[in-house]
Amino acid sequence: MNFILLHDQVAPYVAHIQLNRPKELNALNLELMAEVRDTLKELDQKDDIRVVVISGNEKAFAAGADIKQMADKTAVDMFLIDQFSTWDQIRKFRKPLIAAVSGFALGGGCEMAMTCDIIIASETAKFGQPEIKIGVMPGAGGTQRLTKAIGKSRAMELVLTGDFIDAQEALMRGLVSRVVPEELFLEEAIKLASRIAAMSPVATRLAKEAVNRSFETQLDEGLHFERKNFYLAFASEDQKEGMKAFVEKRNPDFKGR
Ligand code: CAA
């Protein structure tokens, strides 16, 4: 692995993927994205991993898709390479995925963060979809996810001007779940991951699916899906253990079954 670093068990049941092209501000080239895709595929299968944190470094989460790699491509090249299909693996990842964002999260970087389930931002984080400034537009979900996260008017302004928003505005508009000091951004994300990892992996998976469904369906269908998954949770041993432990006033011992 060259373009990402995998830190296994940074806390019990928690893995950390670090994007690792610091000189290029973690620009997302095809090779890096293939590594992310393959690593997530592996982590999805591992019983000893329940939550994954993905981060860059203090200066950049990722400054977008690699412009240098795309600059000379034709439309047919782009269609055949279909580089954004690797993004689908992030979307398909079944365990909770937390983006720990410091510095730039731009273009594909912002889109990658938004594809994760929760975004924790350092106070130096900057989010934006600046593709318009290089003559294109967001291509990995930005027009859809940013609009759903912060509303049409502000999303349209950002997409059409390429302006960035800072961490505080991102918090105020609901793009991120919290803002923390820069020196703590990774630690706080791992702490949150640990709390989630202590829950039943069956229930977290079902809950994640159901929350995501709210973006993909109308309320009626979303509520139906949510209810079905809630009932399904009762087929797990973890539900029995969790509720029994509550009644017995002790901590649950979840087995993921
Ligand atoms: N692709 C390739 N290289 C990039 C890059 C990118 N997206 N972003 C930064 N880099 C490279 C720079 O070319 C530079 O490399 P060299 O040292 O070899 O020149 C290095 O990273 C450091 O960048 P800067 O010198 O520009 O750093 P800065 O602090 O002055 O500026 C910045 C930072 C404002 C983020 C600026 O780098 C920038 O505007 N980057 C491009 C942002 C952008 O347009 N992203 C969208 C890309 S398209 C996309 O993502 C499509 C999609 O929907 C998926």
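The values are calculated or read from the model by the stated rules, or taken from the named source; none is laboratory data. Computed from a predicted structure; not experimentally measured. No Cβ is skipped: glycine too gets one built from the backbone with ideal geometry, and neighbour counts run over all protein chains shown. The area values use the complete protein model at the heavy-atom level, side chains included, leaving out ligands, DNA and RNA. Shrake-Rupley method; radii C 1.70, N 1.55, O 1.52, S 1.80 Å.
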Whose amide H sits under 5 Å from the amide H of ILE54, counting only residues 5 or more places off or on another chain, with H placed in the peptide plane? ILE17, ILE98, ALA99, ALA100
When the Karplus curve 6.51 cos²θ - 1.76 cosθ + 1.60 is applied with θ = phi - 60°, which whole-Hz ³J(HN,Hα) does each residue of the stretch 224-238 get, with x for Gly and Pro? 4, 4, 4, 4, 4, 5, 4, 5, 4, 4, 6, 8, 9, 5, 4
Across GLY107, GLY141, GLY222, the residue with the highest GNM fluctuation in the chain (Cα network, 10 Å cutoff) is GLY222
How much mean residue ellipticity at 222 nm does the chain get from its helices, if each DSSP H run of length 4 or more adds -39500 (n - 2.57) and you divide by all residues, to the nearest 500 deg cm²/dmol? -14000 deg cm²/dmol
Using only Cα positions of the stretch 1-106, each an equal point scatterer, no hydration layer, compute I(q)/I(0) via Debye at q = 0.14, 0.17 Å⁻¹ and quote the log10 values to two decimals. -0.55, -0.79
Largest fluctuation, GLN83, GLN69, GLN144 only, Gaussian network model of the chain with Cα springs under 10 angstrom, belongs to GLN69
Taking θ as phi - 60°, what are the ³J(HN,Hα) couplings along the stretch 95-101 by the Karplus curve (6.51, -1.76, 1.60), each to the nearest whole Hz, with x for Gly and Pro? 8, x, 10, 10, 8, 9, 10
When the chain is fully extended, how far beyond the present Cα-Cα distance does PHE234 get from LYS23, taking 0.36 nm per residue of separation? 71.1 nm
Can you tell which of THR217, THR161, THR39 shows the greatest fluctuation in a Gaussian network model of the chain with Cα springs below 10 Å? THR217
Would you tell me the accessible area of ASP8, worked out with a 1.4 angstrom probe on the heavy atoms of the protein chains, in Å² to the nearest 10? 70
Just the C-alpha atoms of the chain: what Rg/Rh do they give, with Rh taken as the Kirkwood radius? 0.98
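Relative contact order for the chain: what is it in percent, counting Cα pairs under 8 Å that are at least 6 residues apart? Mind showing how you got there, number by number?
Details: 476 pairs, mean separation 41.6, N = 257.
Reported as a whole number, the value is 16 percent.
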Carbon plus sulfur fraction of accessible area for the chain, probe 1.4 Å, in percent: 56
Using R₀ = 35 Å, calculate the FRET efficiency as 1/(1 + (r/R₀)^6) where r is the Cβ-Cβ separation of ASP253 and GLU216; round to 0.05. 0.55
Tell me, what HN-Hα J-couplings in whole Hz come from the Karplus equation 6.51 cos²θ - 1.76 cosθ + 1.60 at θ = phi - 60° for each residue of the stretch 105-120, using x for Gly and Pro? 10, 10, x, x, x, 5, 5, 5, 4, 5, 6, 5, 7, 9, 10, 9
Per 10 angstrom bin, beginning at 0 and ending with the bin that holds the maximum distance, the Cα pairs of the stretch 61-155 fall in percents of 15, 48, 31, 6, 0
Leaving out ligands and nucleic acids, note down the accessible area per residue over the stretch 22-71 with a 1.4 angstrom probe, in whole Å². 45
Restraint check, LYS41/LYS240; LYS92/LYS148; LYS148/LYS255; LYS23/LYS133; LYS208/LYS240, Cα-Cα greater than 25 Å: LYS41/LYS240; LYS148/LYS255
